[in-house]
Amino acid sequence: MNTTHNLVVENEIGKTIRILRLDVGKTREEISHGLCSLSVLQRLEAGERFADKKLIDALIQRLGKSSDKFEFVLGKVEYEIHQKRIAIDHAFEMEEYDECRELLEKFAKECKKDDNLNLQYIQKMKFLLRDLEYHTVDEAEELILRIIRITSPNFCVENMEERLLCTEECKLIYLLALTEIEAERFEKATTILAKLSFYLEKHFSDVEERIKLYPQIAYSLSMCYEYYGQYAKEIEIAEKAIELLEENGRIYLLEELLECYKNGLFWEKEGKKIVLTEEEEEKKRELENQIEVLKQIQKEYGSSSRSGIGINTISHNYGGQEVHLIHEVLERKRRIKGLTQEQLSTGICEPETLSRLLNGKQTPNKNTYRMLAECLELDTERCRPYLSVEDYEIYEKQRRLGLYLQRSEYALAERLFSEIEKKLPQNIAKNKQFCLLVRTIIESRLGRMKWEERLRHLKEAIAYTIPNFSEVCIAQWPLCRQEIMILNDIANTYARIGNVNEALEIFKNIMEFYQTSEVDIFYHIETITMTIYNYTKWLGNLGRYEETIELYEKAIKINIDTGRGRILGGLLYGKAWSLRKISEINIKACQRYCRQAYYISNIMKEERNKNKILEYGKINFGDFQL
């Protein structure tokens, strides 16, 4: 294989963990303690073994980072175990406690006895279901501490700052605080929550991980401060959480936190009958409108969170990871290459073994997977970053670059991209692909590149990993996130130069790729939302409004269910636009969706989208009220 087009750097996850560990000056014993044996971590860092996704998640989290910057290729058994935990969480949140117990009992029987992470999860759920016996709050507190100590021996709240904790351990500390709140022991709850919020701010330098728990903690702590009349502290913690949500494009608990922020700002003044200034009145109206819109959306589409303080607020939180299944990836590529199972198995394994691997009944070991992947010209890594680079800071810069591009801040994006490009090894296919993609987007958006040239560069970019792109059925290819992003840009560019049918064919193929996969769409939330958004835009231009409305509804629901807000304003606006095209009868509904789209875009600081919605509202609805 040409060294300038390598598909992969070997053992990227092991190298990443080792580099991060050395950067923070921690030993293997310190980060593995309670999670796995020292030998397991040694072999993982050396690239001699696979590790379960939940273990990789926990190890990286203990180092203050997020595994959301990696794509995972899982065996079917591991994926199904992960899904069973989600089903248990869902049954609990829906207050279907009998079903939750039944699922938990089955799950416990299937788990390995030495798997501390799953054992801890089982004990946590038994506590939440009140299946672990206790009579006093102190006994409940001791039970939770025992559960934490399954993976963090000798833990106590007083030494929290000295510990290396993963997100699940932090959730259990939060549960400890909620138990104190339910018992109306607010002083102790406030102490725990304040320590925990400080720990997350200090330890989780990666905001993608911090956001998974910080909003819940901030909301509970805000309510405690409100109880004591400490409004300045309430404002401070609520504002931090709101800024974190806005920065990461999330709406999970945003309504509740905005309410706390508003209360902190105005309750004391209103109680003392202090007249608000004109600026304060305007701020209050803006907050009330934002809260009202969030309530409307959650009422219409289903809330992304449970309101109030209580143990039900601990829920599964989908991150930004893309997940794929080993057997799907191998089988898709085998079919594309036109190999029989016998041909593929030659020199690797028995044909009967390969058959079991390709239908998910068996998971290949590391060497077998590597040989199959090499034969099929696939990435040999099962846990791989979106870019190949040893400097973890580049992953965070890549996240910020994506934010600048989404907000059309192309000058900032260009400067940051220049920093990233210098650090990326250019002998890796996905790095070269990423650089060509971003450079093309920036150049064209700044008016330095025509659409035809843009299309040529995008086709060059996709060819790094899909060499015969024009001849391949995209729906059958084992697509990764970066490839889907490029395909979206190719389709949009085709449509811009007048070849809408070609664009729609690409979008249809991407949608078919999702539909034919066993993986839950929530693990592709960002890419599937982007695809639906772009697809519906061009369907609408062809007058296929009923189809666009149906797709917008689907995407809006998915984003609200997972607490996403970045593209939600655009989806609501698209729905309003499509409804307006169908009939004059829908004017009130259109106005409502436009208003919702405006405020969501405002909250997410999507200025370009917000201004476009405002202009549309004024043109189409003379009395458009914000």
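The values are calculated or read from the model by the stated rules, or taken from the named source; none is laboratory data. Remember, predicted model here, so these are calculated numbers, not experimental data. Here the Cβ positions follow ideal geometry from the backbone for every residue, glycine too, while neighbour counts run over all protein chains shown. Calculation scope for accessible area: heavy atoms of the full protein, side chains included, ligands and nucleic acids excluded. Shrake-Rupley method; radii C 1.70, N 1.55, O 1.52, S 1.80 Å.
Residues in segment 371-406 that are within 22 Å of the chain's Cα centre (by Cα) and among the hydroxyl-bearing types (Ser, Thr, Tyr): Tyr386, Ser388, Tyr392, Tyr395, Tyr404. For Lys333, the criteria (1) within 28 Å of Tyr386 (Cα to Cα); (2) part of a helix (DSSP H, G or I); (3) touching a helix residue (DSSP H, G or I) at 6+ places or on another chain (Cβ under 7 Å) hold in every case but one, which is (3). When restricted to residues that are outside any helix (DSSP H, G or I) and either open to solvent by 10 Å² or more (accessible area, probe 1.4 Å) or modelled with pLDDT of 95 or more (or both), segment 425-441 contains 3.
Condition check for Ile466 on (1) over 24 Å from the mean Cα position of the chain (by Cα); (2) open to solvent by less than 10 Å² (accessible area, probe 1.4 Å); (3) closer than 30 Å to Ile291 by Cβ; (4) free of Cβ contacts under 8 Å to residues at least 40 places away in the same chain: one failure, at (3).
Based on what the data block shows, is Glu453 open to solvent by 20 Å² or more (accessible area, probe 1.4 Å) and part of a helix (DSSP H, G or I)? Talk me through it step by step, then tell me what you get.
On the way: open to solvent by 20 Å² or more (accessible area, probe 1.4 Å): yes; part of a helix (DSSP H, G or I): yes.
So Glu453 passes the test.
Okay, residues lined up against (1) open to solvent by less than 40 Å² (accessible area, probe 1.4 Å); (2) at pLDDT below 95; (3) basic (Lys, Arg):
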{"residue": "Thr313", "(1), (2), (3)": "yes, yes, no"}
{"residue": "Arg334", "(1), (2), (3)": "yes, no, yes"}
{"residue": "Thr363", "(1), (2), (3)": "no, yes, no"}
{"residue": "Lys366", "(1), (2), (3)": "no, yes, yes"}
{"residue": "Tyr369", "(1), (2), (3)": "yes, yes, no"}
{"residue": "Glu374", "(1), (2), (3)": "no, yes, no"}
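Yes or no: segment 395-413 includes at least one residue that is outside any helix (DSSP H, G or I), acidic (Asp, Glu) and either open to solvent by 60 Å² or more (accessible area, probe 1.4 Å) or in contact with a Pro (Cβ under 8 Å, 6 or more places away or on another chain) (or both). Talk me through it step by step, then tell me what you get.
If we filter segment 395-413 for residues that are outside any helix (DSSP H, G or I), which is where we start, we get 407-409.
If we keep only those that are acidic (Asp, Glu) as well, we get 409.
Pick out the ones that are also either open to solvent by 60 Å² or more (accessible area, probe 1.4 Å) or in contact with a Pro (Cβ under 8 Å, 6 or more places away or on another chain) (or both) and you get 409.
Yes, the conditions are met somewhere in segment 395-413.
Taking segment 164-182 as the range and being in contact (Cβ under 8 Å) with a residue 60 or more places away in the chain and part of a helix (DSSP H, G or I) as the test, the residues that pass are Thr167, Glu168, Lys171, Tyr174, Leu175, Leu178, Thr179, Ile181, Glu182.
Here Arg608 meets the list (1) part of a helix (DSSP H, G or I); (2) of a type in the set (D, E, K, R); (3) within 22 Å of Lys295 (Cα to Cα) almost entirely, failing just condition (3). Within segment 565-592, the set of residues being in a helix (DSSP H, G or I) and open to solvent by less than 10 Å² (accessible area, probe 1.4 Å) comprises Leu568, Gly569, Gly570, Leu571, Leu572, Gly574, Lys575, Ala576, Ser578, Cys590. Looking only at residues in segment 549-564 that are open to solvent by 20 Å² or more (accessible area, probe 1.4 Å) and touching a residue at least 24 places away in the same chain (Cβ under 8 Å), the one that is nearest to Lys612 (Cα to Cα) is Ile549. Does Thr151 qualify as being open to solvent by 10 Å² or more (accessible area, probe 1.4 Å) and β-branched (Val, Ile, Thr)? It is false that Thr151 is open to solvent by 10 Å² or more (accessible area, probe 1.4 Å) and β-branched (Val, Ile, Thr). Taken over segment 10-25, the criterion of being surrounded by 15 or more Cβ atoms within 10 Å (Cβ to Cβ) and more than 21 Å from Asn427 (Cβ to Cβ) is satisfied by Ile17, Arg18, Leu20, Arg21, Val24. Quick check on segment 497-519. Is at least one of its residues among the small types (Gly, Ala, Ser) and either over 25 Å from the mean Cα position of the chain (by Cα) or over 30 Å from Gly75 (Cα atoms) (or both)? Yes - at least one qualifying residue is present in segment 497-519. Looking at (1) surrounded by 18 or more Cβ atoms within 10 Å (Cβ to Cβ); (2) in contact with a helix residue (DSSP H, G or I) (Cβ under 6 Å, 6 or more places away or on another chain); (3) more than 20 Å from Ile600 (Cα to Cα); (4) at pLDDT below 95, can you tell me which one Leu354 breaks? All conditions are met except number (4).
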